[in-house]
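Before any comments, here is the structure.
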Amino acid sequence: MHRVLKLMLAWLIAFSAAPSAMAFAGDPLPLKEGEGAVLFHLVNNFPAASSVGYLTSPVQVQRVDADAKKLTVGVDLTGMLTTVNYIGVLPAGRYRLYDFQPRIGCWVCKHPDFPPIATMPDFEVRAGEVSYLGTIQLSIVSYPLDEKKPRKVSWGWDETPDMALGQRMFAALQPTLTAMPLRSGWAESREPGHDERWRAAIRSESQGMVIGGRYGRDGFYFGAQNGVVKRWRPGTDIEMLDTGSSFLLVSALETPGGVLLASGEASTLRSSSDGGRTWADRGATLPYGQVANLISIDDGNGVAFTVTSGGRVIVYRGQADTGDFRPFAEFEMKFAFWTGLPGVMPQLFRHGERLVLTLPSRKFAVIDLATGASEALDPPGSIGNFKMNPDGTLWCTCAKSIAFSPYVSKDFGKTWQASEISRFMMLPEFFDAERGFSYQGAIFSAKKTGVARTADGGKTWELTHEPDINLAWWAPAYSADGSVMLLHSLQVFGNHGMTLSKYSLDGGTTWQRVPDRMSWAYATGI
């Protein structure tokens, strides 16, 4: 299964990325006299692309105050997972977005053809200045399993972009041009109040969920698109919390002290001390990159997390209630071209006074939480996935060659042994030293597909054939009290994020679908 995935990814990236004009942070824009820069971000409401790689085309803009010439604005994916930065140089003048056709690299779902962008205001470019348009949001709600249902497409934009955010983003993408003044680029507002309406509508359509942390004793937090945190427990609908960000959130944590944190792409880090009603921005002083792996490190509000930026992984620690965070450890990542799995992100775990940090794809580090001393170690192959048991046992799905196999370590990674679990099984989630479960998916073999559970620490496994959806990738999780087992699956494009997720209240004997009804937990204020 992993081998097929790697080959599909390699083909997808090689085939789809070839015609794209990609730009990267640090490559200076070729600015000439009489030209200015433009910067904006395409934010989507669907998460499928983040699972297998987001591939985009440059956007065409058309001059409207001169010869109607069409020009191209390129792509920069720095710091993003599903959002796309568009940045480029244009002659001074007035423009409109002309051809905006993103492409999704998604082979597990129906291929959509996006309609042309809605009529948006013109924007202006001034010589020697940066025109910042903020976020342009694309929302698609479709039903790939029921083609008779119509697809709903919505476009939106910021009438009044966050200029502080724009300055920070431009400085990260173009550090040699930070002296250029930055201004709002929209020429006019054709629909006053439009941004308030579409923000509320599009955020309500935020799709997908990334497993975040535990919600109370029997529930779960999830990161989601459009700066939304979702939470759910059995017997309730999914509740949404608006953090005020526009970007994808990949991690959520409620500390023992009661502070809620959410983090994601574009250095997004938000905190709430009132259960998610109001949020404070805690990411402004962090390096530009992806903030993930929020974990508690004490019985109060002490937390640690990672920032992935420019090929480095920086571990931060501090207090969630005050937002006082400082770098604690820093490492470089080294990708293994032939055996590394594209898109694998660092993972962070805690056991007592130790942190374990993966550095895809060839290293992991064990860090002393008290002193900051660290030791870089070699896994048994390129890292595909990594887990830690409550007793400190480490699990790794690693590739010595192109095939991934499971390994286990009882001494914090100093030595590794081949695990006896099936190579088709996702790494198991353990609630304690004895009880654990996972999902096994064997391609073309329904008999070997289902939930595997153990009651003896993994010595023996019982395979049941629930849930009954074959060939889905499931992530296992336990609630804090162990009463709820959750299997969280890969998102289907444009469909609700929990469509393929199930939970069990009887130790994995029977399973039910998580309901797909969503509502705001509090008034959003938008």
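The values are calculated or read from the model by the stated rules, or taken from the named source; none is laboratory data. Note that the structure is predicted; figures quoted are calculated from it, not measured. Note that each Cβ is placed from the backbone with ideal geometry, even for glycine, and that neighbours are counted across all protein chains shown.
Quick notes
- Complete set of residues in the stretch 485-508 that are hydrophobic (A, V, I, L, M, F, W, C), surrounded by fewer than 20 Cβ atoms within 10 Å (Cβ to Cβ) and modelled with pLDDT of 90 or more: L505
- On inspection, S401 does not qualify as closer than 23 Å to L427 by Cα, within 25 Å of the chain's Cα centre (by Cα) and in a loop (DSSP other than H, G, I, E, B).
- Set side by side, the residues P406, P379 differ, and just one is out of contact with any helix residue (DSSP H, G or I) (no Cβ under 8 Å at 6 or more places or on another chain), on the phi < 0 side of the Ramachandran plot, not in a strand (DSSP E or B) and not hydrophobic (A, V, I, L, M, F, W, C), which is P379.
- Selection of first residues in the stretch 332-354 that are surrounded by 17 or more Cβ atoms within 10 Å (Cβ to Cβ) and of second residues that are aliphatic (A, V, I, L, M) and at pLDDT below 85, restricted to Cβ pairs under 9 Å at least 6 apart or on distinct chains, gives the following pairs, ordered by first then second residue: T339/I402; L341/L5; L341/L9.
- Output for the stretch 279-305, where each listed residue is of a type in the set (G, A, S) and touching a residue at least 40 places away in the same chain (Cβ under 8 Å): A280, A284, G289, A292, S296, G300, G302, A304
- Criterion applied to W107, W155 was being more than 30 Å from E33 (Cβ to Cβ), part of a strand (DSSP E or B), modelled with pLDDT under 90 and among the aromatic types (F, W, Y), and the one residue passing it is W155.
- Residues of the stretch 391-438 satisfying the condition of being buried (at least 20 other Cβ atoms within 10 Å of the Cβ), at pLDDT below 90 and among the aromatic types (F, W, Y): F404
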